[in-house]
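Read-outs throughout are calculated quantities, based only on the coordinates presented, and are distinct from any laboratory measurement. The model shown is predicted, which means the values in this text are computed figures rather than measured ones. FYI the Cβ positions are ideal-geometry reconstructions off the backbone, even for glycines, and counts take in every protein chain you see.
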Amino acid sequence: MKSTKYIVLSFLESLNREDFAAAYELLDKDMVFEGVLGSRHTADHYIADMKKMKFKYNIKEVMTNGNHVAIFYNIDMGGKEIFSAGWYQVENELILKVKVIFDPRPLLKDK
């Protein structure tokens, strides 16, 4: 059995490598993403967005509690590195829920 930490870190490493097929395999098909700028429902919608955005995750700290993993990381969002916190819920060795929070002001000042 894979640990929740292993599953989430493998997911983020897959996104960093732009191996979206491997990342998709770690998501529950009905997963939910909630973020500052919107939400996505289903793994298909989430991965479609990740293919366009190609974020890179620079992990600073990982904490686990049962089937939950909390991560502090800098996310490179199109050339702007934004400090963020992610909360991942894993069920049956698949990521079911992701919630990411960050200060969006650096992204919005150019708009």
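Of the residues Ser10, Ser14, the single one that is surrounded by 12 or more Cβ atoms within 10 Å (Cβ to Cβ), farther than 15 Å from Lys97 by Cβ, of a type in the set (Ser, Thr, Tyr) and in contact with a Phe, Trp or Tyr (Cβ under 8 Å, 6 or more places away or on another chain) is Ser14.
Scan the range 47-72 residue by residue and report those that are in contact (Cβ under 8 Å) with a residue 40 or more places away in the chain and not β-branched (Val, Ile, Thr). Steps first, please.
Filtering the range 47-72 down to residues in contact (Cβ under 8 Å) with a residue 40 or more places away in the chain leaves 55-57, 59, 62, 64, 66-69, 71.
Result: Phe55, Lys56, Tyr57, Gly66, Asn67, His68.
The residues in the range 1-39 that are out of contact with any Ser or Thr (no Cβ under 6 Å at 6 or more places or on another chain), of a type in the set (Gly, Ala, Ser) and assigned to a helix (DSSP H, G or I) can be counted, and the count is 3. Among the residues of the range 28-51, those that are within 15 Å of Trp87 (Cβ to Cβ) and among the aliphatic types (A, V, I, L, M) comprise Met31, Val32, Val36.
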